Each structure stands twice: as C-alpha cells, then as structure tokens.
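Just below is one structure, and these are the notes that go with it.
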Amino acid sequence: MYRSILSEMYTLVVGNIGTTFRIAGTWMAVVVALSLGEELTEGSATSNLFGIASAIASLLSSASIATAWHRFGLLNERPNLIHLRFGRLELRVLGKVLLAGLAALPVVILGLMAIIFVASMSNGMSKEAPLPLWGALATFGIVLLYLYFYFRISFIIPGAAVGHRVRMKTSIRLSKGYFLPALAAGLTIEVPVIIVCGLLVGLLHLLGLLAGPDGLVLLAIVLSAFEIFFISVTLAAVTVAYRRAIETLWAENPNDPVFAAS
C-alpha cells in the first residue's frame, strides 16, 4: 500500500505542480504580506491590526485550501489562477477542520499531564535543567499520537468538501489501516525537500541575501513556497487515503448513507 499511496501522492502534488501552487499561492501571498506588515510595523498599533488580519487570513485560507485540494484530488476540479474563494462550502469545511483538531486535542492534554506528573515525581523538570531524553521521546510520542487520532478523524474534511455524509465514527472506520502508509509516503516526499530548503536558506545567508528588509521579504517568499509544498503533501495524503477508502465503500455498497447528500 505504501508504494501505491506514494505514487498517487507524488502524481497529485509534483505531477500537478502548477495546480498545487495555484490552490494555495494567492492565499499564502496574502498571509505573507500581512505577516511582513506586522514585522515591519512592530511596536505600533498598526502591527496589531496586521497580526489580527494575518490570523484571520490563515484560518480562512486553511479551509479554502483544504476544500480546493480535496475537490481537485477527488473530483479533478481545478481552481482559477487566483484562488481566494470562501463561501458556504469552505465554511462547512472550516467547521470540520476545527472539529477534528478539537476531537484529537485531549490526547495532547492527557499526554502532557502525564509527562508533567512523571517529571515532577522524579524531579526531572526544572527551569535550569534541559528536558531529559525520556521527556523529548515522550513529547514525540504525543505528537505522533495526535497525528494518528487527527488522521483517523480527518476523513470528515474531504467528505464535507465533496458533499459526502461522513461522521467521526464513519471516518474512524474508513481510515483504518491508512495512517502508517500515508505517513511514510508523506515523509518520503517531504524529507528531501526539507533538506533542500535548509541548504537553500543557508546558501542565501552565506551570500548575504537575507540581510535587511529585502532579505526578510526574500526569506518569506522562499519559506512560503516550501510551506505550500508541505501543506499540499499533507492534504494529498488525506485525499489519497480517503479516495481509496471511499472507492472501496462504493464498490461494496453504493447505497451507503455516506453517499447521501449532506
């Protein structure tokens, strides 16, 4: 399954790189512009306004990008060159994004409480001493668990994007067996790009191109391009897994309530 998911994800993201950047490019440009405005006006009331506007734009963009990505991957619907759409469908998807995040959040809370408890019992937590290795490993485990539970619930998002009636219980059932192959495929694509990103930023720094306001803008552009890629890979992982699961479900029972208009 890993190889086939990897192939489908690569085709979706890299094989359609123009659509990849079209879906998220304009939204990212808006968010970057607002963030730069906040940085360049730091310390003033205007900076706070830029910060609020940037947070709102980031929230709206998450739903708009997710909706467009899932509709592209599942329905082959391609967005316009300038994609800033946010309507009733995107609002519904935003609700599902927030719901999935909140539903998986207790895993993080309980995990952090366990780390704090064990650390306090063993006197392993202090402001002077660094977090011990076991604490770092435990934190990594919590993040992995959060990603697992979020992924298992996340099928409600592409379902909402294409008009399927997918509840959390249904998502957990449909997503069984897809997390590890999707995670491995995503890392296979992302890790080399992370390395290239680090090398590129280091090279720009050595060349002195990141100094001053112009350097800040250049760095923001470079990092935004890579962020678009990472977001696209993550969404593609969910899209591919959902598509496989829903095709299997359709083959087994095309009258399943999932396919009733939501």
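The numbers here are math on the coordinates, done by the rules we state, and not lab data. This is a predicted model, so every value here is computed, not measured. Neighbour counts are summed over all protein chains in view; Cβ atoms, including those assigned to glycine, are modelled from backbone coordinates with ideal geometry.
Think of it as helices only: each DSSP H run of n ≥ 4 in the chain is worth -39500 (n - 2.57), and spread over all residues that comes to -27500 deg cm²/dmol at 222 nm. When each of the peptides 4-14, 33-43 is scored by how many other beta carbons lie within 10 Å of its residues on average, the order from highest to lowest is 4-14, 33-43. Highest mean packing first, where packing is the average number of other Cβ atoms within 10 Å per residue, the peptides 212-221, 95-104 line up as 95-104, 212-221. Full extension of the chain segment joining TYR10 with VAL222 gains 74.2 nm, where the gain is 0.36 nm per residue of separation less the Cα-Cα distance. Highest average first, the peptides 156-164, 170-178 ordered by how many other beta carbon atoms sit within 10 Å of their residues are 156-164, 170-178.
Would you mind getting me the FRET efficiency between LEU75 and LEU105? Use the beta-carbon distance for r and R0 = 35 Å, nearest 0.05. For R0 = 35 Å, the calculated efficiency reads 0.70. For segment 1-52, a Kirkwood radius taken over Cα pairs fed into Stokes-Einstein (37 °C, viscosity 0.692 mPa s) yields D = 246 µm²/s. Note on VAL196 and LEU98: the extension gain reaches 32.1 nm, defined as 0.36 nm multiplied by sequence separation minus the Cα-Cα distance. Compute the Cα gyration tensor for segment 1-123, then decide on rounded, prolate or oblate, letting a ≥ b ≥ c be the square roots of its eigenvalues: rounded whenever a/c is under 1.5, prolate when a/b is larger than b/c in the other cases, and oblate in all that remain. Verdict is oblate for segment 1-123. The overall shape of the chain is oblate: from the C-alpha gyration tensor, with semi-axes ordered a ≥ b ≥ c, the ratio a/c is 1.5 or greater and a/b is no larger than b/c.
Label separation (LEU147 vs TRP250): 2.9 nm, computed from points 7 Å beyond Cα along the C-beta direction. Short-range pairs are left out: with C-alpha atoms under 8 Å and at least six residues apart, the relative contact order of the chain is 28 percent. Suppose R0 equals 41 Å; then what is the FRET efficiency for TYR2 and HIS205 from their Cβ-Cβ distance, rounded to the nearest 0.05? With R0 = 41 Å, the Cβ-Cβ based efficiency is 0.70.
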